[in-house]
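**Q** Submitted below is the structure of interest, expressed as structure tokens.
FYI, it's all coordinate maths here, none of it is from the lab. Every value quoted in this text rests on a predicted model; they were computed, and no experiment measured them. No Cβ is skipped: glycine too gets one built from the backbone with ideal geometry, and neighbour counts run over all protein chains shown.
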Amino acid sequence: MPGRSEVRVLILGGTAEATILAKVFHVEHSPERLVLSLAGRTVAPDLPGSIEARIGGFGGAAGLADWLAAERITHLVDATHPFAVGISRNAAEAAQVTRVKRVALHRPGWDEAPGDRWQRVLCLKAAVDALPEGARPFLALGHQHIAPFRHRPDLRPVLRMVDAPAALPFPADLVLGKPGDVAAETALFVANGITHLVCRNAGGATSYAKIVAARDLEIPVVLIDRPPPPPPPLLSSVEATLAWLAG
């Protein structure tokens, strides 16, 4: 790979894979500069202490292109959430304009396993419509995706959020915190009388425990299918992305 004085990396993050990638590449290759970018949706995000972080948006594809050029970035890794379609599109456009090397770290989705009771839907509206009357759903969606459920006053939802919201768009029980292991997710579902799990097919190991808990408890899962993947090139693992950066 080029000498470390020539390597300047921007990682568009917000996923566990992005943080791991930043930590490992920083330690193993000591690039001249490595920036981990986060959207800033949580009040106190988990940040690697030794790595430069940037919080907030860039102002679309044009703003990102300007930033890449101004900071002389040589490598751009799109390691955003699989549902962050707009950010991925902006990253591809900005890299093309600036001719910065770019790759998307796009983790595989979850596959249905024996015992799963999945109902696949295409969008949030379809997820709202899929729930039976009077259901007690656990909405594992993030605060920016729950508004459509206000049209179902018959539901008795439970929400989990990292930060307490100023207000909710509909009555719901709120659980503060991050996803736990299978035992913790199982206990949460049982204690709250959950009848359905609603989530997106985000993939990855970090939040898979809720899928296993639903399987063990025979709870139906309303699973929102993924949007189309980012433009190529695509890599599916941290290890492959490390090799690309070091190539």
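**Q** Under 20 °C and 1.002 mPa s, how fast does the chain diffuse according to Stokes-Einstein, given a Kirkwood radius computed over C-alpha pairs? Answer in µm²/s, whole number.
**A** Stokes-Einstein gives a translational diffusion coefficient of 111 µm²/s.
**Q** Counting only pairs 8 or more places apart or on different chains, how many lysine pairs in the chain have C-alpha atoms closer than 26 Å?
**A** Final tally of qualifying lysine pairs is 5.
**Q** List, largest first, the extents of the alpha carbons of the stretch 74-185 along their principal axes, each in whole Å.
**A** Largest first, the stretch 74-185 extends 53, 40, 28 Å along its Cα principal axes.
**Q** In terms of modelled amide H atoms, which long-range or inter-chain residues lie less than 5 Å from the amide H of Glu52?
**A** It is Leu34, Leu36, by chain and number.
**Q** Output the DSSP H helices from the chain with an along-axis C-alpha extent of no less than 18 Å and a mean Kyte-Doolittle hydropathy no less than 0.0.
**A** In the chain, the long hydrophobic H runs are 16-29, 85-98.
**Q** Within the stretch 57-76, find all residues whose amide N lies under 13 Å from a label point positioned 7 Å from the Cα of Asp163 along Cα-to-beta-carbon.
**A** 57
**Q** For His75, His143, which order do you get if you count the other beta carbons within 10 Å of each Cβ and list the fewest first?
**A** With the fewest neighbours first, His75, His143 line up as His143, His75.
**Q** Could you give the nm distance between label points at Ala187 and His143, where each point is 7 Å from its Cα heading toward the beta carbon?
**A** Using points 7 Å along Cα→Cβ, the separation is 2.6 nm.
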